[in-house]
1. Tell me, please, whether a residue that is touching a residue at least 12 places away in the same chain (Cβ under 8 Å), small (Gly, Ala, Ser) and part of a loop (DSSP other than H, G, I, E, B) can be found in region 17-25.
2. Mind checking whether some residue in region 26-49 is under 10 Å from the mean Cα position of the chain (by Cα), of a type in the set (A, V, I, L, M, F, W, C) and not in a loop (DSSP other than H, G, I, E, B)?
3. Counting just the residues of region 38-51 that are closer than 23 Å to His7 by Cβ and surrounded by 10 or more Cβ atoms within 10 Å (Cβ to Cβ), which one comes out modelled with the lowest pLDDT?
4. Being more than 11 Å from Asn31 (Cα to Cα) and of a type in the set (A, V, I, L, M) is the filter; apply it to region 2-18 and report the residue that is surrounded by the most Cβ atoms within 10 Å (Cβ to Cβ).
Amino acid sequence: VDNDGDHGVIERSGSVNLSKGKHAIVIEYFNGGGGYWIDAFYQGPGIPKQLIPASTLFIK
């Protein structure tokens with residue numbers, strides 16, 4: 001999801017079909033001044049939109 005540019009907090013979204021299992025994600029963050037905020041959500045079949053829980057993340 002590309003949300004580049006110098007602006008306030010704006011929600012952007014995208015979707016991808018994933019098979020069951022672990023998948024790599026990369027989050028690049030830029031703050032050009034002013035307020036700052038970043039959240040990452042997921043949702044899927046039987047999973048309502050929610051913040052990605054730390055318990056589902058791992059370091060490669």
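1. Yes, there is a match, as at least one residue in region 17-25 is touching a residue at least 12 places away in the same chain (Cβ under 8 Å), small (Gly, Ala, Ser) and part of a loop (DSSP other than H, G, I, E, B).
2. The answer is yes, given that some residue of region 26-49 is under 10 Å from the mean Cα position of the chain (by Cα), of a type in the set (A, V, I, L, M, F, W, C) and not in a loop (DSSP other than H, G, I, E, B).
3. Applying the first criterion (closer than 23 Å to His7 by Cβ) to region 38-51 yields 38-41, 49, 51.
From what's left, surrounded by 10 or more Cβ atoms within 10 Å (Cβ to Cβ): 38, 40-41.
Numbers: Ile38: 84, Ala40: 91, Phe41: 93.
Here the residue is Ile38.
4. From region 2-18, those more than 11 Å from Asn31 (Cα to Cα) are 2-3, 10-18; that's our starting set.
Next cut, of a type in the set (A, V, I, L, M) only: 10, 16, 18.
Values: Ile10: 8, Val16: 5, Leu18: 10.
Filtering first and then ranking leaves Leu18.
The values are calculated or read from the model by the stated rules, or taken from the named source; none is laboratory data. Being a predicted model, the structure only gives us computed values, none of them experimental. We place every Cβ from the backbone using ideal geometry, glycine too, and count neighbours over all the protein chains shown.
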